Amino acid sequence: MTESLPHWYLLGAGNMGTLAAWYLTRAGHAVSVVTNSPTPPRHKQLIFSDQNASLTLPCVSPAQLPDTIAYLLVASKTPYTEAALRRVSGHLNSTTQVLRFQNGMGALDGRLPPGTNVLEAITTSAVKGQSPQHTIVAENTTWLGGLSQPPEWLAGLQRHWPDLRWEADIRFVQWKKLVANAVINPLTALHDVPNGALVDDPALQQAARALCAEADTLLTTLDSSWPGNSFSAVLQVARATAGNTSSMRADRQRGAITEIEAINGWLLRQAQRHGMDLPTHRRLIEALTPT
Ligand SMILES: NC(=O)c1ccc[n+]([C@@H]2O[C@H](COP(=O)([O-])OP(=O)(O)OC[C@H]3O[C@@H](n4cnc5c(N)ncnc54)[C@H](OP(=O)(O)O)[C@@H]3O)[C@@H](O)[C@H]2O)c1
């Protein structure tokens, strides 16, 4: 007998939440958006390089949730995670499987019932747009990990989600993405430049080098097998995305709160726990945090 496929309750039906919902529903999973008030279903348009697709996601209000949510997908921007989780408060327990689709680290720490399993998703895909229209800028690799075993539904999902991989130890994949985000995002936001400026501008490259060195020192302290060498990895990302506007630069241009607390802030908090300082990261956080 085959197990029934998950019904996901989605917090954050933005760019990433919609992309994930698209592949999950292709694979036969159900996805409902959790909103604060009863609303009509959300019609979404996804623009891929080779096709346009539309998707309709049912919406449920907190009052319509099941007693216990078995599968929760969190794709809110990190500063809004706490507010989003309030919508599902009282409906989670340690059996809930949570899939976190966010940049940065730690946005769910201390916010879930003790013992809750969190699957972490890291993607190098890129989606931009404003609901209901989401444009897939790049479809690259997505890694899932964080559990001792891959979930039983993964193999079925991999048939529909291009280059979706299981990573037994997701931490280094997360850290690599985290360092790229911690260098490219705040520097391009502060100087209001595209990602490629880190390759072309010697002063920015110098700043990037200092940020990478601090991050590598910390991550090596956390795990001595961290390969380091982040500077060349970050430059590679900046080169490959030279014309792009980072999400932090875009947030700052709109006057929106950025994800810096979950990115550089996480590095700084880890450093403080180990009696270390990351002065270049600290100064960037100060420069980008509205007073
Ligand atoms: N877009 C990408 O290419 C990409 C790539 C890799 C990782 N990520 C990460 O994925 C996560 C989601 O990013 P995204 O691009 O999907 O973000 P998004 O479309 O801008 O927003 C996602 C959701 O966050 C909540 N949100 C955003 N702005 C808000 C505001 N001003 N006030 C209250 N809530 C707000 C909304 O949730 P509700 O709908 O519930 O209100 C929104 O649907 C982030 O951590 C991002 O760094 C994104």
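The values are calculated or read from the model by the stated rules, or taken from the named source; none is laboratory data. Since the model is a prediction, treat every value here as computed from it, not as a measurement. Note that each Cβ is placed from the backbone with ideal geometry, even for glycine, and that neighbours are counted across all protein chains shown.
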> Counting only residues that are assigned to a helix (DSSP H, G or I) and in contact with a Pro (Cβ under 8 Å, 6 or more places away or on another chain), which one in the range 212-248 is farthest from the ligand (Cβ to nearest atom)?
Replying inline: Glu214
> With Leu112, Leu85, Leu57, Leu5 as the choices, which residue is under 24 Å from Gly156 (Cβ atoms) and under 23 Å from the mean Cα position of the chain (by Cα)?
Replying inline: Leu57
>> Checking the condition among the small types (Gly, Ala, Ser) and more than 12 Å from the ligand (Cβ to nearest atom), which residue from Ser49, Ser131, Ser125 passes?
In response: Ser49
> Given Asn195, Asn185, Asn181, which one is under 24 Å from Ser125 (Cα atoms), not in a helix (DSSP H, G or I) and not assigned by TED's automatic domain parsing to the domain that holds Leu119?
Replying inline: Asn195
>> Suppose we keep only residues that are in contact (Cβ under 8 Å) with a residue 24 or more places away in the chain and surrounded by fewer than 16 Cβ atoms within 10 Å (Cβ to Cβ) within the range 148-162. Which one would you say is nearest to the chain's Cα centre (by Cα)?
In response: His160
> Inside the range 198-223, can you point out the residues that are over 21 Å from the mean Cα position of the chain (by Cα) and touching a residue at least 40 places away in the same chain (Cβ under 8 Å)?
Replying inline: Leu198, Val199, Ala207, Ala210, Glu214, Thr217, Leu218, Thr221, Leu222, Asp223
